[in-house]
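The numbers here are math on the coordinates, done by the rules we state, and not lab data. The structure displayed is predicted, hence computed values, not measured ones. Reconstructed Cβ throughout: ideal geometry from the backbone, glycine too, with neighbour counts over all protein chains shown.
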Amino acid sequence: MKMPMNSRTIITGTGHYVPPRVVTNQDLEKLMDTSDEWIRERSGIVERHHIDGRVGTSDLAVEAARRAIADAKIEPSSIDFVVAATLSPDHYFPGIGVLVQAKLGLGTIGALDVRNQCSGFIYALSAADQYIRAGTYKRILLVAAEVQSTNLDFSDQGRDMSVLFGDGAGAVILEPNGEDDGRGILSTHLFSDGRFAAHLWMEKPCPMDNPTFQRGFFDEGRFFPRMDGRNVFVNACQRMPEAVRAGLEANGLTVDDIDALIPHQANDRISLMVAKGLKIPVEKVVRNIQRFGNTTAASIPIALDEALKDGRIKRGNLVALTAFGSGYTWASAFIRW
Ligand code: COA
């Protein structure tokens, strides 16, 4: 949906955090039948970060949040709502929103958890944008974070997935734009098709099973995430451009108006196909999967933070975000910086 200009939401601070331990493709060669060459060629990934020891998704989220808070130059106590996106919460329940809220000492403000996997950041951004424009909240902390590395199948059987994913977190601070200067979130478009749920999912634990946790499922590796990689690839290459075109149309813009495209970093080949599908020059596409792997909900805010800090995104730029992931879900957001 298109937003009226006088009530737009702006991003006033960004931050990201990845755990210090770097895991290279060569490190993975020691665990399974794979090669640096295969991983680079098929995904573009060179290395990713994995947590060490007992670190939760909420811990990564808190570090990213602290950086976004510092970047926005605000007091944490001025935040009046938290939105948190992840598919890898610290616990089965509650979600990480409340843990982030408590670890940052944010009193008793509300905390919303968003479960839309790789599209989680844009879904969360859309929800936060509605709250800001409605006047419900004035300063929202949005965090997206993942710890994937502790539940990947590092055997040969799981090598298609386990080489792709990394741990990390990104955060943004959202506020109403007090000025009528055109800056802010122009639109968000959210889509899903649940008929494809089983093409990219973690099937177990499943409370329909009684008991939910069964040794047999464990022995069969059914607590690991699984995907139909080719189907995901084809759909991601089709759906992300569709979501971007929906946003362009709603805003009366053309592809040429986009200064920076930040696709979810699923696979560099997918990002390049999305650019090709949209006929957008590859120089305008933000790509950092080489260093982080696929960090699911965190990938877009990490890339956004990097592109802002290194000057690739400047005041006045039109920034397009797009994502695709488990569900299937896909989405776009347009932001005038
Ligand atoms: N190392 C070495 N070989 C591997 C491997 C790995 N890590 N993973 C899979 N292979 C093998 C396969 O077993 C297959 O072998 P076979 O031909 O003997 O059966 C071969 O490589 C080719 O597999 P294929 O699935 O055709 O490769 P691909 O070119 O489709 O690339 C993906 C595989 C997973 C990289 C690709 O499908 C993909 O990126 N899909 C989308 C994944 C994604 O983005 N998921 C998250 C979405 S948010």
Relative to the Cα centre, what is the charge dipole magnitude of region 9-176, using +1 at the beta carbon of each Lys and Arg, -1 at the beta carbon of each Asp and Glu, and rounding to the nearest 20 debye? 700
Could you tell me which of A127, G221, A68 has its Cα farthest along the dipole of the chain towards the positive end, charges placed at Cβ (Lys, Arg +1; Asp, Glu -1), taken about the Cα centre? A127
Which whole-number percent is the relative contact order of region 9-176 (Cα, under 8 Å, 6+ apart)? 35
Output the 0 to 90 degree angle, nearest 10, between the alpha-carbon long axis of helix 268-278 and the longest principal axis computed from the alpha carbons of the chain. 40
What does the extension gain come out to for Q157 and S7, with contour length at 0.36 nm per residue minus their alpha carbon separation? 49.0 nm
Under 8 Å for C-alpha pairs, at least 6 residues apart: give me the relative contact order for region 184-336, rounded to a whole percent. 37
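Compute the FRET efficiency between K314 and Q130 as 1/(1 + (r/R0)^6), taking r as their Cβ-Cβ distance and R0 = 22 Å, and round to the nearest 0.05. Before the final figure, lay out the partial values.
Details: r = 27 Å, r/R0 = 1.24.
Result of the calculation: an efficiency of 0.20.
Please report the relative contact order for the chain, taking Cα pairs under 8 Å with a sequence separation of at least 6, and give it as a percent rounded to a whole number. Walk me through the numbers before you get to the answer.
Details: 814 pairs, mean separation 86.0, N = 337.
Computed value for the chain: 26 percent relative contact order.
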Positive-end residue of A303, A323, A198, charge dipole of region 184-336 with Cβ unit charges: A303
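Suppose every K and R has +1 on its Cβ and every D and E has -1 on its Cβ; what is the size of the dipole of the chain about the Cα centre, in Debye to the nearest 20? Display every interim value, and only then the final one.
Details: 37 positive and 41 negative charges, 123 e Å.
So the magnitude is around 600 debye.
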A70-V282 pseudo-label distance in nm [points 7 Å out on the Cα-to-Cβ vector]: 3.5
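Quick one: of K73/K309; K279/K309; K73/K284; K73/K103; K73/K138; K138/K314, which pairs are farther than 22 Å apart, Cα to Cα? Show your work: numbers first, answer last.
Values: K73/K309 15 Å; K279/K309 26 Å; K73/K284 29 Å; K73/K103 19 Å; K73/K138 15 Å; K138/K314 24 Å.
Beyond 22 Å between Cα atoms: K279/K309; K73/K284; K138/K314.
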Expressed in angstrom and rounded, the centroid-to-centroid distance over alpha carbons for region 6-84 and region 191-257 is 20
